[in-house]
Amino acid sequence: MLTFDVARDWIDRWDRQQEGYLPDREERFTALIDAVEAGTGRPDPLVIDLGCGPGSLSARLLHRLPQATIVAVDTDPLLLSLGRARYGDTAGLRFADLDLRTPGWTAGLGLDRPADVAVSTTALHWLPEHHLRAVYRELAGVLRPGGLFLNGDHLGVDDTTPGIGRLEIAVHQMEERRRFAEGRPEDWRQWWDAIAADPALADANAARDSRTSAANHSGSESAHLSTHVGALREAGFGEIGTLWQRGNDRLLCAIRS
């Protein structure tokens with residue numbers, strides 16, 4: 001049975017394996033939440049969390065901004081099950097089972113007003129470029145004028161400035177080696193293999209296996225900064241820039257015109 005304690009333990013373990021790829025993950029979370037607090041100008045922003053996973057970012061946002069309302073979106077039944085079991089009683093947080101690749105996904109958000117900000121971390125690079133462009137166009141339609149989009153991810157520049165791109169990757173790798181000199185945490189595949197063997201998650205794993213779009217990824221489809229900047233401009237975002245960066249790990253910000 002998936003209980004609060006089981007979900008808490010698996011999410012803690014999820015956070016540790018994510019840090020194996022993102023040694024500055026908490027620093028990036030902090031920068032993103034700083035931008036939400038400073039950029040929305042209100043204590044009760046309406047936030048959309050895209051590709052929320054088990055809710056790690058949403059929980060941190062609500063810890064800082066307890067009056068916020070967050071709609072946390074994902075299409076993975078197992079990760080959503082963990083998030084609901086762990087954070088289901090958290091005031092201001094609602095999980096939505098929606099596939100960003102399906103046109104019209106914003107209709108399922110249940111918003112009663114335009115959102116102040118949309119956030120995402122380490123998620124949207126999975127989308128092929130044509131899906132990414134469609135997501136940004138639809139997202140712009142539910143953000144208020146002046147609303148923010150904040151995306152923390154590995155976004156490279158090797159397609160436009162290959163020398164700088166190589167240096168960004170090197171800086172990131174050097175930080176990884178320093179941080180994990182005594183050994184790395186478990187990786188993505190090890191985490192998924194372990195949770196698949198937990199009988200408490202049998203139903204959630206079966207649901208995930210039946211939904212191949214959640215269970216299968218085909219790699220980093222939109223991993224270039226230029227792809228995201230171009231798609232955001234096409235969608236009607238005006239100012240676009242990097243708020244925080246460490247190597248090729250950056251926090252991209254866009255303001256809806």
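The values are calculated or read from the model by the stated rules, or taken from the named source; none is laboratory data. Since this is a predicted model, take the numbers as computed values, not measurements. Cβ coordinates were reconstructed from backbone atoms using ideal geometry, including for glycine residues, and neighbour counts include every protein chain displayed. To get the accessible areas, we keep the full protein, side chains included, count just its heavy atoms, and leave off ligands, DNA and RNA. Shrake-Rupley method; radii C 1.70, N 1.55, O 1.52, S 1.80 Å.
A few notes on this one:
- Of the set (1) touching a strand residue (DSSP E or B) at 6+ places or on another chain (Cβ under 7 Å); (2) among the acidic types (Asp, Glu); (3) in a helix (DSSP H, G or I), all apply to Asp116 but (3).
- Number of residues in the range 132-154 that are closer than 27 Å to Asp15 by Cα and either open to solvent by 40 Å² or more (accessible area, probe 1.4 Å) or modelled with pLDDT under 95 (or both) equals 1.
- Every pair of residues 6+ apart whose Cβ atoms lie under 6 Å, when the first sits in the range 176-192 and is open to solvent by 100 Å² or more (accessible area, probe 1.4 Å) while the second is part of a helix (DSSP H, G or I): none
- Residue within the range 68-80 that is part of a strand (DSSP E or B) and open to solvent by 40 Å² or more (accessible area, probe 1.4 Å) present: yes
- Residues within the range 1-24 that are small (Gly, Ala, Ser) and out of contact with any Leu (no Cβ under 7 Å at 6 or more places or on another chain), tallied: 1
- If you filter the range 160-204 down to residues that are of a type in the set (S, T, N, Q) and outside any helix (DSSP H, G or I), you find that the one that is nearest to Ala223 (Cα to Cα) is Thr160.
- For the range 88-111, the tally of residues that are open to solvent by 30 Å² or more (accessible area, probe 1.4 Å) and hydroxyl-bearing (Ser, Thr, Tyr) stands at 2.
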